[in-house]
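Comments concern the structure below.
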Amino acid sequence: DTAVSQTPKYLVTQMGNDKSIKCEQNLGHDTMYWYKQDSKKFLKIMFSYNNKELIINETVPNRFSPKSPDKAHLNLHINSLELGDSAVYFCASSPGKRGTVAQYFGPGTRLLVL
Amino acid sequence: QKEVEQNSGPLSVPEGAIASLNCTYSDRGSQSFFWYRQYSGKSPELIMFIYSNGDKEDGRFTAQLNKASQYVSLLIRDSQPSDSATYLCAVKPPGGGNKLTFGTGTQLKVEL
């Protein structure tokens with residue numbers, strides 16, 4: 001199936017731990033994104049990479065570090081997890097960084113920090 | 001003022017009626033506008049996008065854009081219970097990259 005996939009789907013962890021979320025797309029897109037959706041369902045962009053280059057870096061704590069080993073993969077590593085990091089994290093991809101292109105979302109990773 | 005504003009709802013419509021969802025945006029230079037549907041516990045799913053003033057139709061969905069008034073709307077004709085979801089409006093502001101700014105969504109309930 002052509003899609004944006006994420007692992008894990010659910011992540012429950014203790015405060016202070018470090019965790020990673022992985023994203024892969026087989027749509028042949030050049031640009032990938034990380035979004036955070038909080039408990040009020042507000043969806044906010046965190047990062048974007050175009051062909052392994054960071055192009056969007058919103059005001060996010062530096063405990064969050066994205067990494068793109070190639071244009072089909074975008075990972076998110078979170079250090080020293082805090083309670084407020086609990087949210088759903090969505091990966092998305094789009095065909096290119098310019099022009100009016102739509103973004104396609106993965107299934108989400110539901111992170112719960114205890 | 002929020003960058004993208006939507007009424008949170010819930011908006012309740014009877015089955016078969018037209019549902020009208022509205023969105024306003026603050027940046028007059030915004031270029032592209034998207035509607036996503038999100039079922040509870042699922043990811044946002046792209047329904048439509050619109051770039052030019054006027055109407056754009058796709059099946060039961062019509063997107064309407066008025067850049068002078070800075071609003072974009074989504075009409076759903078012949079609403080079905082399966083249309084019950086949260087509808088997110090997203091706007092691409094001017095500038096580089098492909099950043100989308102999302103509204104907080106409108107919850108739609110289609111009742112039998």
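The values are calculated or read from the model by the stated rules, or taken from the named source; none is laboratory data. Worth saying up front: this structure is predicted, and the values here are computed from it rather than measured. Cβ coordinates were reconstructed from backbone atoms using ideal geometry, including for glycine residues, and neighbour counts include every protein chain displayed.
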Members of the range B:1-48 found to be outside any loop (DSSP other than H, G, I, E, B) and more than 20 Å from A:Tyr33 (Cβ to Cβ), listed by number: B:Glu5, B:Leu11, B:Ser12, B:Val13, B:Pro14, B:Ala19, B:Ser20, B:Leu21, B:Asn22, B:Cys23, B:Thr24
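So, restricting to strands (runs of 3 or more DSSP E) that lie completely within the range B:49-112, which ones have at least 3 residues that are surrounded by fewer than 21 Cβ atoms within 10 Å (Cβ to Cβ) and either under 13 Å from the mean Cα position of the chain (by Cα) or more than 9 Å from chain A (Cβ to nearest Cβ) (or both)?
Details: elements: B:54-58, B:61-66, B:71-76, B:85-92, B:106-111.
Hits in the range B:49-112: B:54-58, B:61-66, B:71-76, B:106-111.
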First in the range B:73-88 and modelled with pLDDT under 95, second anywhere and of a type in the set (Val, Ile, Thr), Cβ under 9 Å, 6 or more apart: none
First in the range B:23-35 and away from chain A (no Cβ under 13 Å) and surrounded by 14 or more Cβ atoms within 10 Å (Cβ to Cβ), second anywhere and in a strand (DSSP E or B) and of a type in the set (Phe, Trp, Tyr), Cβ under 9 Å, 6 or more apart: B:Cys23/B:Phe33; B:Cys23/B:Trp35; B:Cys23/B:Tyr71; B:Cys23/B:Tyr87; B:Thr24/B:Tyr71; B:Tyr25/B:Phe33; B:Tyr25/B:Tyr71
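Could you pull out the residue among A:Ala92, A:Ala3, A:Ala72, A:Ala102 that is small (Gly, Ala, Ser), surrounded by 15 or more Cβ atoms within 10 Å (Cβ to Cβ) and more than 24 Å from B:Ile50 (Cβ to Cβ)? Reasoning before the result, please.
Details: A:Ala92 fails: more than 24 Å from B:Ile50 (Cβ to Cβ); A:Ala3 fails: surrounded by 15 or more Cβ atoms within 10 Å (Cβ to Cβ); A:Ala102 fails: more than 24 Å from B:Ile50 (Cβ to Cβ).
From the options A:Ala92, A:Ala3, A:Ala72, A:Ala102, the qualifying one is A:Ala72.
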